[in-house]
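The structure under discussion appears below in the form of structure tokens.
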Amino acid sequence: MATPERQLPPDAPPAPARAGLPPGPRTWPLLQMLRYARRPYDALAENARQFGNCSTARPPGQPPIVMFSDPEAIRVIFTADADEMHGGEGQAPILAPILGRKSVLVLDGARHRRERRLLMPPFHGERMYLYGRMMRDIADEVIERWPLGRPFPIHHEMQAITLDVILRAVFGLDEGAQLARVRDTILRALKLFEGAAAGFLAIPALQIELGGLTPWGRFVRHRRDLDGVLRAEIARRRAEGTAGRTDVLSMLVEARDEDGEPMSEEELLDEMFTVLGAGHETTATALSWAFYHALRRPDVLERLQAERVQVAGDGPVDPEQLAKLEYLDAVIKEAARLTPVATQVMRRLKVPMRIGGWDLPAGVNVSAAIYVAHHRADLWPEPERFDPDRFVGTRPSPYTFFPFGGGERRCLGMAFATYEMKVVLGHVLSRTCLRVAPGYRMRPMLRAITVAPSAGMPVVLDRRAG
Ligand code: HEM
């Protein structure tokens, strides 16, 4: 039987449309940004308390952003014609120099559609099972390194797992010296985005190489190293063929568009970098949140354990059995509702459009406010409570629950990331006895563009099963 979809509250009676932009905070834009940077969730909640379902933010040097949390407005944003609402344009100035001009994240229109069609198949369907055992083995390797009885940041460990999953399942690198070298290069490049220099990397005017002396120069050097490795991997696949290979890169080398054209080397490089940029930190952060919520709730841990035993007995869960773990799925969804990694997704209006009762002009940005919509008490009773049962036996509406965005730009890695999170969270909890480190006081904090639990979410390992 199909899972019933959650009912939305009845529509409010239509109000006459208003012109102009909805009201928003009047404080100095830079101050608003700093407030968001310091306390991202609190700033958004405060904004929603003050201005309700839609408000306008005015970031310095950018068009205003009109933020919506009403399901009907979200529906309009996610079902609009992609040529009338661009998702790539707004991010291109910052992301194109980093990910590449051919990255799906910065494209719009026909080129975006072509790129998505080529990229989708390797990240979907039964192919996931091929990666399931690899993901579990990688988690096992990482678990073995954890100290007993001493706090350690689980976020860091999740980063190690999600990075190796990309290197092996997506890039197709085999265990060995080359994998270690690429891992090291990527970690050094990613570190640049974590430190104080991160802001400099995102400002086009400061993207100056100076022979590797500037943060940008160091980033470019790392990116070139990585491009070199990937070029060699692409050449190897083109020369030797891809028979017997299961990695995403091999599938993309073989992929053809509707005109029978393969992806160019530049496209392949930019998309590999995009997958790394979009899929590594996000999945690690979502996992850290899931651990944070689950480990504080013995009742949740007990139900996860009972479900696992019912499905797989005493042995490990097979990748094919994961679909039966409904409660595990609900725990992951509830963590993504309560503490979404991305707080909003944005589109640039190319034509005037009526959204949420406002007649908006072309040129403004509109956003589907993930965090605010996920915390509306009319959609989610007792919204601050962690309650996975909200998702058991029911399918949420894509306009009230959208941690991966929506419409034609919805996260390309959604199925892959969800599958990986189930494998890793389920497996780690089955093999270990973990608890949140004593005295830990969590604060949601901004890390680049994601929101993560502070201090890497420290945990203590009390026991590890063989
Ligand atoms: C829990 C982990 C993840 C979260 C929370 C997440 C979230 C998101 C969000 C919110 C968007 C924007 C969607 C929109 O504009 O409507 C997005 C886009 C994207 N994500 Fe993810 N993501 C995750 C993991 C991944 C993974 C593992 C991959 C790759 C395998 C990936 C690849 C992408 C790509 C390529 C896009 C751009 C899609 C487009 O513009 O057409 N993501 N993601």
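One table, with the values for the structure above:
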item	result
Residue match in segment 384-404 (condition: among the acidic types (Asp, Glu) and touching a residue at least 60 places away in the same chain (Cβ under 8 Å))	no
Test: residue in segment 310-317 that is outside any helix (DSSP H, G or I) and either modelled with pLDDT of 95 or more or touching a strand residue (DSSP E or B) at 6+ places or on another chain (Cβ under 9 Å) (or both)	no
Residues (within 16 Å of the ligand (Cβ to nearest atom) and in a helix (DSSP H, G or I)) located in segment 323-353	328, 329, 330, 331, 332, 333, 334, 335, 336, 337, 338
Residue in segment 293-304 that is closer than 24 Å to residue 375 by Cα, within 16 Å of the ligand (Cβ to nearest atom) and surrounded by 17 or more Cβ atoms within 10 Å (Cβ to Cβ) present	yes
Residue 423, sole failed condition from (1) touching a strand residue (DSSP E or B) at 6+ places or on another chain (Cβ under 8 Å); (2) surrounded by 18 or more Cβ atoms within 10 Å (Cβ to Cβ); (3) not charged (D, E, K, R)	(1)
Considering residues of segment 239-255 that are over 26 Å from the mean Cα position of the chain (by Cα) and without any contact (Cβ under 8 Å) to a residue 40 or more places away in the chain only, the residue most open to solvent (accessible area, probe 1.4 Å)	240
Of all residues in segment 100-141 being away from the ligand (no atom under 12 Å from the Cβ), among the hydrophobic types (A, V, I, L, M, F, W, C) and crowded, with 20+ Cβ neighbours inside 10 Å, the one that is farthest from residue 260 (Cα to Cα)	139
Given (1) over 21 Å from residue 206 (Cβ atoms); (2) open to solvent by 60 Å² or more (accessible area, probe 1.4 Å), index of the condition residue 34 fails	(1)
Boolean, residue 246 is within 30 Å of residue 453 (Cβ to Cβ) and in contact with a Gly (Cβ under 9 Å, 6 or more places away or on another chain)	no
Residue that is farthest from residue 398 (Cα to Cα) [pool: residues in segment 67-89 that are assigned to a loop (DSSP other than H, G, I, E, B) and open to solvent by 30 Å² or more (accessible area, probe 1.4 Å)]	89
Options 463, 447, 385; residue that is within 16 Å of the ligand (Cβ to nearest atom) and open to solvent by 30 Å² or more (accessible area, probe 1.4 Å)	447
Residue check, residue 432 more than 7 Å from the ligand (Cβ to nearest atom), surrounded by 19 or more Cβ atoms within 10 Å (Cβ to Cβ) and of a type in the set (Ser, Thr, Tyr)	no
Selected residue (criterion: nearest to the chain's Cα centre (by Cα)) from residues of segment 442-466 that are part of a loop (DSSP other than H, G, I, E, B) and within 30 Å of residue 315 (Cα to Cα)	457
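The values are calculated or read from the model by the stated rules, or taken from the named source; none is laboratory data. All figures in this text were calculated on a predicted structure; none of them were measured in a lab. Don't worry about glycine lacking a Cβ; one is built from the backbone with ideal geometry, like all the others, and counts go over all protein chains shown. The protein model used for the area step is the full one, side chains on, heavy atoms only, and it has no ligands, DNA or RNA in it. Shrake-Rupley method; radii C 1.70, N 1.55, O 1.52, S 1.80 Å.
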